[in-house]
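Reading through the structure tokens given below for one structure.
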Amino acid sequence: MTVFRFLTAGESHGPALGATLEGLPAGVPVTADGIAVDLRRRQGGYGRGARQTIEQDRAEILAGVRHGLTIGSPVLLLVRNRDWESWTRVMQVEPLSAAQSDELAVLAAEGNRRAQPVTRLRPGHADLAGAVKYGFSDARPVLERASARETAARVAAGAVCRAFLGALGIDVWSFTAEVGGVALDPANCSRSRAESEASPLRCPDPDAEARMVARIDEARSLGNTVGGVFEVVAHGLPIGLGSHVHWDRRLDGALAGAIMSIQSVKGVELGLGFAQTRLLGSEVHDVIEGRDPAGAWIHRTNNAGGLTGGITNGQPLVVRGAVKPISTLARPLPSADLVTGEAVETAHYERSDISVVPAAGVIGEAMVLLTLTSAVLEKFGGDSLAEVQDNLARYVERISRLTQARDDSAAEPAARGAAQADPGSGAAGSGGDD
């Protein structure tokens with residue numbers, strides 16, 4: 001069976017961004033209009049920069065879909081960059097002719113910032129590390145790919161996975177939990193999901209959001225930026241995605257890696273996360289209360305965030321990402337020059353956002369959707385959506401029944417009874433040491 005995977009390609013000011021998804025079953029309903037919903041959500045949020053007024057992202061579906069349904073072959077998506085029109089010479093794919101090189105040199109001498117090599121390194125950005133690693137004397141190729149503009153392709157790919165997982169009853173959503181040190185109060189989250197989506201920062205707590213907006217305005221007035229925290233929640237996951245048997249099969253590890261791969265994310269929490277370190281074990285672990293009439297396992301709390309031992313446990317999945325302040329500042333920090341190595345008074349500046357937390361949450365959704373798609377197909381994979389749905393339904397029906405004790409045909413009944421009567425006998429199943 002083909003393993004699910006995805007790739008993105010493209011630069012921030014290049015002609016387009018692309019995404020390829022391989023391993024999706026046939027029959028998943030996919031439309032450009034459906035993908036556009038998440039692309040619009042990614043571009044919203046109070047504190048975004050001027051780039052969002054230029055781009056009106058829409059994905060073109062170039063392969064893998066026929067008459068609105070996937071056909072089992074790789075899905076190819078293209079998101080064009082409207083701003084490419086202003087960067088055609090700077091980001092030209094073909095080699096520059098002598099005349100074109102002279103043209104760029106003249107533009108740079110005249111003060112055209114686009115034409116000038118980027119050598120004044122931005123603290124906190126990939127400029128220095130990327131340029132040194134790949135041997136560039138101009139950081140332009142680094143910032144073009146390291147830019148969060150790349151995430152438009154991820155969100156488009158995630159929207160395709162949303163259609164797949166939605167057909168299986170799995171729903172993923174995010175909200176802004178904190179901006180600039182202002183955190184929401186769970187007891188004051190009075191907005192519905194739809195109301196939160198329509199709010200400036202996609203936050204369910206209106207009072208906290210007003211303070212978050214004020215914090216963004218304050219940062220803007222100072223030529224600065226602010227970070228924050230987004231939370232992604234997934235409902236409808238069955239018990240059993242992921243595995244405890246090896247490090248690279250643990251779903252919590254895959255999710256943490258997926259969230260950490262987002263530009264500007266510097267921390268990840270699952271469930272209570274770091275708060276667990278400040279509590280006693282009796283306050284942390286989720287009491288298992290038994291099974292309901294439908295056979296579902298019930299936990300008293302969900303401090304683990306829906307994952308135990310690297311496996312989904314039937315509770316909602318809860319993942320948070322910590323977003324650092326954007327590296328490009330309107331009032332740049334001191335830095336150094338890439339070519340000379342000497343100190344400079346100010347780092348390079350291009351237009352920037354003040355806060356990207358709401359958008360980062362949508363990107364976080366995409367990465368969770370992509371990661372869960374891989375886990376679902378590993379567990380319930382099939383060549384068509386109907387086959388995956390059938391595999392999942394049979395599994396859910398089977399685990400909803402009470403587990404029956406399994407007899408060991410190699411053991412005598414009397415021996416089994418003696419072992420059960422004497423817990424200290426050392427018989428297999430009586431306990432274990434680390």
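Annotations
- Residue ID - farthest from D383 (Cα to Cα), chosen from residues in region 1-42 that are free of Cβ contacts under 8 Å to residues at least 60 places away in the same chain and part of a loop (DSSP other than H, G, I, E, B): T31
- From the list S221, S243, the lone residue that is of a type outside the set (D, E, K, R) and in contact with a Lys or Arg (Cβ under 6 Å, 6 or more places away or on another chain) is S243.
- Identity of the residue in region 118-135, touching a helix residue (DSSP H, G or I) at 6+ places or on another chain (Cβ under 7 Å) and touching a residue at least 60 places away in the same chain (Cβ under 8 Å), that ends up nearest to P332 (Cα to Cα): L121
Residue-by-condition table, conditions (1) closer than 21 Å to R351 by Cβ; (2) outside any loop (DSSP other than H, G, I, E, B); (3) modelled with pLDDT of 90 or more:
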{"site": "W84", "(1), (2), (3)": "yes, yes, yes"}
{"site": "V90", "(1), (2), (3)": "yes, no, yes"}
{"site": "D102", "(1), (2), (3)": "no, yes, yes"}
{"site": "A108", "(1), (2), (3)": "yes, yes, yes"}
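- Applying a threshold of 7 Å to beta carbon distances and a minimum spacing of six or more residues, or different chains, the list of pairs starting in region 329-355 at a residue that is closer than 30 Å to Q43 by Cβ and touching a residue at least 40 places away in the same chain (Cβ under 8 Å) and ending at one that is outside any loop (DSSP other than H, G, I, E, B) and aliphatic (A, V, I, L, M) reads S335/V344; I354/I216; I354/A219; S355/V179; S355/I216.
- Restricting attention to region 173-196, the residues that are crowded, with 21+ Cβ neighbours inside 10 Å and at positive phi add up to 1.
- Test set (1) modelled with pLDDT of 90 or more; (2) assigned to a helix (DSSP H, G or I); (3) more than 30 Å from L201 (Cβ to Cβ) - G382 fails condition number: (2)
- Test for S199: is it surrounded by fewer than 16 Cβ atoms within 10 Å (Cβ to Cβ) and of a type in the set (S, T, N, Q): no
- For L143, the test of being over 18 Å from the mean Cα position of the chain (by Cα) and closer than 30 Å to F4 by Cα is passed.
- Among (1) touching a Lys or Arg at 6+ places or on another chain (Cβ under 8 Å); (2) surrounded by fewer than 16 Cβ atoms within 10 Å (Cβ to Cβ); (3) charged (D, E, K, R) - the single one R149 does not satisfy: (2)
- Close pairs from region 183-206: first farther than 17 Å from V233 by Cβ and without any contact (Cβ under 8 Å) to a residue 24 or more places away in the chain, partner of a type in the set (S, T, N, Q) and part of a helix (DSSP H, G or I), Cβ under 8 Å, at least 6 apart: P206/N188
- Verdict on L78 being modelled with pLDDT under 95 and either surrounded by 15 or more Cβ atoms within 10 Å (Cβ to Cβ) or among the aromatic types (F, W, Y) (or both): no
- H235 being free of Cβ contacts under 8 Å to residues at least 60 places away in the same chain and under 30 Å from I311 (Cβ atoms): no
- From the list E60, E85, E103, the lone residue that is exposed (fewer than 15 other Cβ atoms within 10 Å of the Cβ) and closer than 23 Å to V362 by Cα is E60.
- Residues of region 256-270 that turn out to be closer than 16 Å to P358 by Cβ and either in a strand (DSSP E or B) or among the β-branched types (V, I, T) (or both), as a count: 3
The values are calculated or read from the model by the stated rules, or taken from the named source; none is laboratory data. Note that this is a predicted model, so its numbers are computed, not measured. Cβ: placed from backbone, ideal geometry, glycine included. Neighbour counts: every protein chain shown.
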